[in-house]
């Protein structure tokens, strides 16, 4: 069994981006990070994105509207960032307060600054295999993990467990694409799938993004499979100072011995999401003719 080290691969990507930015004269890439409210996970995620941006030499502009901001006011803020020539990328951190329509917010971000990859235009470009768009960061990170770990999906049966717009649907589209490293035969499974283990046991590559702690067990995995665990779940653990531990959607202890390769949680897909966000930001900066 080989552990796919997301921290190591993300660090390599960050080093590549840092070198590109350092070699370019003039204005550096800038990402606007909009966080509404004080959700603890969102606070942590935005701090990580801000820290990583600084490490590669990019500029981050953190904007903290109050949780009471109206949808119209948030739209006006996004419009101002869309119009700001010094901002290359915009990320609106989810989750948003319940009174705000997340999908409408994602659509409001200009496609050419949508470094999170959730605008309808960019999702459509993934389906059309148009590389001028931006791919959602977690699916892009999964594909990069596979590529840099020597996993070619051509001729492989790829089973995606989950159908969200954030991970499941876009990663399935990426695995299907007619390009190097992809060309997989893809099955999408979800909460309505009957006889789920029949599908997961047939997977050469299993991507678990269902949001249920340790849902995938050894009896659901084919020996020799590659398993990508996208889940990050908190479960109670009295032995930890925090009172909880982080686990994935895969029961790592039982599944790992069966696998050819597997991602850990934490330290697998998670670091790649931030790395790909910054990669998208540099792409936006480069595409706007700054360098």
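Key figures for this structure:
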item: Principal-axis tilt of helix 137-148 within the chain, Cα atoms, nearest 10 degrees; result: 60 degrees
item: Fluctuation leader among 150, 168, 89 - the chain, Gaussian network, Cα springs under 10 angstrom; result: 150
item: Projected label distance in nm at residue 194 and residue 218, using a 7 Å step from Cα toward the beta-carbon; result: 3.0 nm
item: Contact order normalised by residue count of the range 1-66, Cα under 8 Å, 6+ apart, percent; result: 41 percent
item: Cα gyration tensor shape of the range 153-202, rounded if a/c is under 1.5, else prolate or oblate by comparing a/b with b/c; result: oblate
item: Global form of the range 1-103, assessed from the alpha-carbon gyration tensor, a/c cut-off 1.5; result: oblate
item: Residues 142, 188, sorted so that the one with the fewest Cβ neighbours within 10 Å comes first; result: 188, 142
item: Relative contact order (%) - criterion: Cα under 8 Å, at least six apart; region: the range 1-138; result: 21 percent
item: Taking 47, 156, 28 and counting other C-beta atoms within 10 Å, the order from fewest to most; result: 47, 28, 156
item: Helix-only mean residue ellipticity at 222 nm for the chain, each DSSP H run of n ≥ 4 adding -39500 (n - 2.57), per residue, nearest 500; result: -11500 deg cm²/dmol
item: Principal-axis tilt of helix 269-287 within the chain, Cα atoms, nearest 10 degrees; result: 40 degrees
item: Cα-derived Rg over Rh, computed across the chain with Rh taken as Kirkwood radius; result: 0.97
item: Calculated FRET efficiency for the pair residue 238/residue 131, C-beta based, R₀ 51 Å, to 0.05; result: 0.55
item: Cα Rg over Rh - the range 137-271, Kirkwood; result: 0.96
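No value in this document is a laboratory result; all are computed from the given coordinates. Here the structure is a predicted model, which means the values were calculated and not measured. Backbone-built Cβ (ideal geometry, glycine too); neighbour counts: all protein chains shown.
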